[in-house]
There are 2 protein chains.
Amino acid sequence: MRRVIAALGFCASLASTCGQADEGMWTYDNFPSAKVRETYGVDIDQAWLDQVRQSTVRLSGCTASFVSPDGLILTNHHCVSSCLAENSSKESSLLEDGFLAAGREQELRCSTQVADVLVSMEDITSQVAAATQGLDDVAANDARKRTLTALEKACEESSGLKCQAVTLYDGGQYFLYGYKRYTDVRLAFAPEAGIAAFGGDPDNFQFPRWCLDMSLLRAYEDGAPAKVDHHLKVNFEGPQAGEFVLVSGHPGSTDRLLTVSQLESLRSVDLPPSLLRGSELRGRYIQFAKDSEANQRISADPLFGLENGLKVRRKLLDALLDEDLMQEKREREASLRGDAAALASLEGLGDPWQDIAEANQRYADMANEYGFLEGGAGFSSRLFRYARALVRGAAERSKPDGERLREFTDTALPRLRQQMAAPVPVYPELETLTLSFSLERMREWLGPDHPVVRELLATDSPDTLASSLVNGSRLGDSAERLRLWEGGQEAIDASDDPMIRLARSLDERSRALRKRYEDDVEAVVDNAEERIARARFELYGTEVYPDATFTLRLNFGTVQGWQEGERSIEPFTRLEGAYARATGQAPFQIPDRWIAARDQLDLSTPFNLSTNNDIVGGNSGSPLLNARGEVVGVMFDGNIHSISGAYWFDTEKNRSVAVHPAIWREALDKVYGANALLEELDAR
Amino acid sequence: MRRVIAALGFCASLASTCGQADEGMWTYDNFPSAKVRETYGVDIDQAWLDQVRQSTVRLSGCTASFVSPDGLILTNHHCVSSCLAENSSKESSLLEDGFLAAGREQELRCSTQVADVLVSMEDITSQVAAATQGLDDVAANDARKRTLTALEKACEESSGLKCQAVTLYDGGQYFLYGYKRYTDVRLAFAPEAGIAAFGGDPDNFQFPRWCLDMSLLRAYEDGAPAKVDHHLKVNFEGPQAGEFVLVSGHPGSTDRLLTVSQLESLRSVDLPPSLLRGSELRGRYIQFAKDSEANQRISADPLFGLENGLKVRRKLLDALLDEDLMQEKREREASLRGDAAALASLEGLGDPWQDIAEANQRYADMANEYGFLEGGAGFSSRLFRYARALVRGAAERSKPDGERLREFTDTALPRLRQQMAAPVPVYPELETLTLSFSLERMREWLGPDHPVVRELLATDSPDTLASSLVNGSRLGDSAERLRLWEGGQEAIDASDDPMIRLARSLDERSRALRKRYEDDVEAVVDNAEERIARARFELYGTEVYPDATFTLRLNFGTVQGWQEGERSIEPFTRLEGAYARATGQAPFQIPDRWIAARDQLDLSTPFNLSTNNDIVGGNSGSPLLNARGEVVGVMFDGNIHSISGAYWFDTEKNRSVAVHPAIWREALDKVYGANALLEELDAR
């Protein structure tokens, strides 16, 4: 049976299907206010947009929002799990126990976190086009990067903002976004993981659901709570079923504009190996955690992230293995190619689809080696990542800004330095586990005769090598990292740290692979994508939205459940359901505080809710807003059908999931006694 | 680039391609002797076939051959790994240490092993056709099974042989095969796993290679070595490069005749979940093994089997994700369908391809639940498998033979009883590991709200439930198993063993699933496959060979390497290469005995060799034969390209791998001092 699918890029030619779908991750400069007014009778005007945009916050991989004038930030619990883990130890875990600062002075520094607010957006498409005009793919790729680096730097110097180049429509548009960046972010409140992620991995991407997946951070400036000009008001009543709602946030990445050959490449080249490795690592973590409570504690956060990613990738693969949907993609692509060929203004377009297919073939031939030596599949270890950043950072910083690898440009350096300086715990047992694992798989997939494998494992096993590298390295100490970072090339050359030596010895080979990838694959694909984007603009204009790129978007929809076969899924759950679902065993174990408070709690309090907003990972922590711009929820997940939203939006089944504000208030009040925060949230 | 592929079922219409390929797994009654004579000038006559057939032995999942008149059996080391594990303990492992019986009296019973020799083959296609004539799919499926059960039983009663019904050409032919069965099989010699599987998983399915993957068993009758009428002579010189060679054995399973929708179903429904689960279990085993030497010892055999299966399935998925090859399959199928539609004699064939596609859709909808509750994905535990066989066995044995599940017919019972009685070690730690793992995945994939999951884990976690089931069960004791087996329904009803109770409580639901699968999927597919087979016979005759079904086959080819990109792979390796490859760390660690014997050994002794024979799993242990019917190797693997041989035979790259007889002689003589065996093998 064919499903009803409205998918980006298809709307212009199929307006009747598109009209029904509350689909789209719209940039703030191109929000379809007219359509919203027409369909829902709601007026989203410029003042509304400006207020919400400046109250929306970007965190590492997540979204959040200001909810008080004193810089209080609302986000998900799972968006602060790294901060919780960084402030934990083998002996005690804030993930397990939760955290409530006794007062603002006790708020806890999240040393690797920053908070960004988007304050300016400048279209630089023409500058980029001018810089690459007439160049071949490889030269254009270099020129494009050089130009973006220069524009970012000039922007930062003139504005004092954090400036980042943004690619929209797969190269159809380039923007320069300017953020106000807060580099001092502290934790005010997080519940126990037992209630924040009640149901754990089995319930992840499921609904109905009972997760208090929320937390409160605070932005600081000059050591004091930041005074922010814009913040959102929380409406603790939440929304009604069917109510018009919006989500402002930073969806991470979608692939709805990819060509068929790119989808096939994901299906056959990228996803299967990554799923196999991830599954094995999951097994290693789980078995490791059984050995002791300390092991359980220190592996909880990485295991959580891994399992989340596995479920996503598993459903992505399922989607791409669905022949009906792939057939639909093929037909749409054929239609776009046909329309493009018929348009005189697109003469000279060439065949970008074929160019991409050929580049993908070259990618397939190198993907394995690239993944292990330059990508993240080999040398899976935090210490090694430090070492590589130190070794490359020293070499790159000695070059002119425009000639560096993009992650080491002047505008990128402060964030790198912050990460080097962050005093996060590094557990040798875990480091050895992941490094040994990745070395063993590197030997399997590259083969024992690959020169790197042969040299590294000439007399070592993956276990013995990992152990000596981890235990011999001093990079777990932030002071040592900073010493090497500040010391530059001389300090790196002089270092006998085994991780530094390893990173040094690999660098020439892995840089060469990266160069080959950039020239033979990336350069060709980027150029071809720009041409496809041009065709799409000529044919469809900007009545479509760009793929997600972890940049700020706004979308709309309504509070609603869906039909799952015979079953109607209602859009709200209530607190009583959590107690009914509890088994006394993790991850279905209600934390002690909640057991103790049960009699005080209103069990009919709404807990989670579902809407048809079009969101993906990166939107985690986004405020769910009503027409007045009040917060009526915090997004934390999608249902299982939302995962294929990477490729197409299934209007019938794709649903997003939020924490209802009534349960925050109930919890902060009766479970945690967080009176000061309740006052600040105006929740009394 | 399209590869040159000759694949079964395509040959008749493409004789020019086929003529070049030494492809095919031929039944002994249909061996293409004329083609062999014409191409290679070698005469494989009936006497040759009879002698080799009666010297070829079938083991559990493997092949072997008689190599002395006293019942000495040559096979692979990995074909006796279960026997080695069953005779090991936490404290010492025959897998690690190897085994050489001091004399025949010290040969070691392999208590779950049998050895079968094929002595009769009767075509029963017409009886099956008569029994199913005019019935609908479901009734025909039942009648087919009933008929096969009755024919097997009658055969055993009249012949005294072990009789098994065999399906060829996916239902195009049915045969009744009669085997002489030896139920007392003992181990005479096995080398250390360190040399038998030198290179371990990284080198598995690779070539060049250095594995002494051979062992010697002996068949016994009435407590004494069996006197066999037929055995093969070993030619310790081995073959020359380019020499014509044959392989006699039992290839397990190929899917070359599957329809496109069946291949797509494997690709999207079966392989991905099985790979994900297998990869995670691999991680759990590996981490478990790091905890202690005992853990390492008891997990080595299951890990070996798992990793082998993972590599196979990974490459099967890769093959099915190859769009060029799938396109080829689509075109071939379209051509067969077109030819069939045009042939008057095939009027009334219907559309079996569409029938299969629809059955596959029904399968996709139930595969997850079926896999966990009735297939092997859930309740992964040896103790549970005993319990299910005991519970079902009691119920089934109370029914008439023809109405039972096929695995419990009268002819199947002796083997089941043997397995119940076999005193194999059961390790609670491993049982708990696998059972907890499978319960956790069942909860993930069926969801916490599936009634079975909800009931089993109402107050338990996968860990606590697995632990109480395993530690509470007495089914690890063979005496207790036999008591329950012999006690029948009454003993089962009275048992309070937790595994028995679990199997009882699941049985109604899982039987219902099985019935639904048999009626809605299997019955339809079997009928449709019979019709496709009929079309193929009408169009192509039996100039093609049937898919492998773990029944006896003979194939031919030559000793040769292949071209891997720029690299020419030579067909022989030599002993010196093993020492050069050693790192001192498992799995590249040469066993101590071999280090000590190094100076005595002829380092130029041929070790492994590659040929282009068309084999798959199940052929492990098969004798490699020269034109005179002498053993010139024992097959133990294929190269990495051989795995896609499940779907098509790649003449350019598919190669099989054997252990050269010269290395056996060198090892038995100078490393192990196995003088009596050398005499018996006539190796002096």
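Spatial offset of segment A:619-673 relative to segment B:183-223 amounts to 58 Å, using the alpha carbon center of each.
Projecting the Cα atoms of A:ALA340, A:VAL114, A:GLY223 onto the charge dipole of chain A, computed from C-beta unit charges around the Cα centre, puts A:GLY223 farthest toward the positive end. The separation of segment B:524-557 from segment A:401-434, counted between C-alpha centres, amounts to 60 Å. Ranked from shortest, the separations from the 7 Å Cα-to-Cβ label point of A:ALA102 to its equivalents in the other copies are 7.5 nm. Within segment A:288-309, list the residues whose amide N lies under 13 Å from a label point set 7 Å along Cα→Cβ of A:SER92. Under 13 Å, as judged by backbone N against the label point of A:SER92, lies no residue of segment A:288-309.
If the segment from A:ASP496 to A:ARG330 were pulled out straight at 0.36 nm per residue, it would be longer than the present Cα-Cα gap by 54.3 nm. Relative to one another, the C-alpha centroids of segment B:313-365 and segment A:352-374 are positioned 30 Å apart.
Normalising the average separation of contacting C-alpha pairs (under 8 angstrom, six or more residues apart) by the number of residues puts the relative contact order of segment A:117-181 at 45 percent. Nearest beta carbon of chain B to the B-to-A rotation axis, with distance in whole angstrom: B:GLY283, 1.
Each peptide in B:207-213, B:576-582 gets a packing score, the mean of other Cβ atoms within 10 Å over its residues, and the list from highest to lowest is B:207-213, B:576-582. Mind scanning A:LYS315/A:LYS653; B:LYS153/B:LYS180; B:LYS311/B:LYS653; A:LYS90/A:LYS311; B:LYS399/B:LYS515; A:LYS515/B:LYS311 and naming the pairs with a C-alpha gap bigger than 22 Å? Cα-Cα > 22 Å for A:LYS90/A:LYS311; A:LYS515/B:LYS311; rest within. Here segment A:233-262 is scanned for amide nitrogen atoms under 11 Å from the site 7 Å beyond the Cα of A:SER120 along Cα-to-Cβ, giving none. Membrane-span-like helices of chain B, defined as complete DSSP H segments with a Cα extent of 18 Å or more along the helix axis and a mean Kyte hydropathy of at least -0.5, are identified as B:271-290, B:293-320, B:382-397, B:428-446, B:523-540. Sorted shortest first, the distances from the B:ARG37 label point to those of the same residue in the other copies are 9.2 nm; each point sits 7 Å from Cα along Cα-to-Cβ.
Per-residue shielding of B:255-268, expressed as the average number of other chain Cβ atoms within 10 Å of the residue Cβ, stands at 1. Mind giving me the FRET efficiency for A:SER604 and A:GLU221? R0 is 41 Å, r the Cβ-Cβ distance, nearest 0.05 is fine. With R0 = 41 Å, the Cβ-Cβ based efficiency is 0.50. Under the simplified labelling scheme, the A:ALA47-B:THR583 pair shows an inter-label distance of 6.9 nm, with each label point 7 Å from Cα along Cα→Cβ. Spin-label model, A:LYS35/B:ASP322: points 7 Å from Cα along the beta carbon direction are separated by 4.3 nm. Taking a straight line from the alpha carbon of B:LYS35, these aspartates and glutamates sit under 15 Å away, with near neighbours fewer than eight places off in the same chain left out: B:ASP22, B:GLU23, B:ASP43, B:ASP45, B:GLU543.
Each peptide in B:257-266, B:452-461 gets a packing score, the mean of other Cβ atoms within 10 Å over its residues, and the list from highest to lowest is B:257-266, B:452-461.
I'd like the mean, over residues of A:609-616, of how many other protein chain beta carbons sit within 10 Å of each residue's own Cβ. Present the calculation step by step, with values, prior to reporting the outcome.
Values: counts 0, 0, 0, 0, 0, 0, 0, 0.
So the per-residue partner count for this stretch is 0.
Across the identical copies, the 7 Å label point of A:ARG454, projected outward along Cα→Cβ, sits 6.0 nm from its counterparts, in ascending order.
Cβ under 12 Å from A:ARG58's Cβ, A:ARG58 left aside: what net charge do those residues give with Lys, Arg +1 and Asp, Glu -1? Walk me through the numbers before you get to the answer.
On the way: positive: A:ARG53, A:LYS162, A:LYS180, A:ARG181, A:ARG553; negative: A:ASP116.
Counting the neighbours of A:ARG58, the net charge comes to +4.
Counting only other chains, what is the mean number of Cβ atoms within 10 angstrom of the Cβ of each residue in peptide A:271-284? Could the numbers behind the result be given before it?
Numbers: counts 2, 8, 2, 0, 4, 11, 2, 4, 9, 12, 4, 5, 14, 9.
That average works out to 6.
For segment B:528-569, the residues whose amide N sits under 16 Å from a probe point set 7 Å from the Cα of A:ASP365 along the beta carbon direction are B:564-567. Subtracting the Cα-Cα distance of A:ILE595 and A:GLN418 from 0.36 nm times their residue separation leaves 59.7 nm of extension gain.
Per the Kirkwood treatment, what hydrodynamic radius in Å, one decimal, follows for segment B:260-537 from the mean inverse distance over all distinct Cα pairs?
Evaluated on segment B:260-537, it is 21.3 Å.
Find the relative contact order for segment A:446-507 and round it to a whole percent, using C-alpha pairs within less than 8 Å whose residues are 6+ positions apart. Before the final figure, lay out each step's value.
Details: 23 pairs, mean separation 16.0, N = 62.
About 26 percent, as a whole number.
Taken together, the values in this text are just the output of simple stated rules run on the coordinates, not laboratory data. The structure presented is a predicted model; accordingly, all values stated were derived computationally and were not measured. Note: ideal-geometry Cβ built from the backbone for every residue, glycine included; neighbour counts use all protein chains shown.
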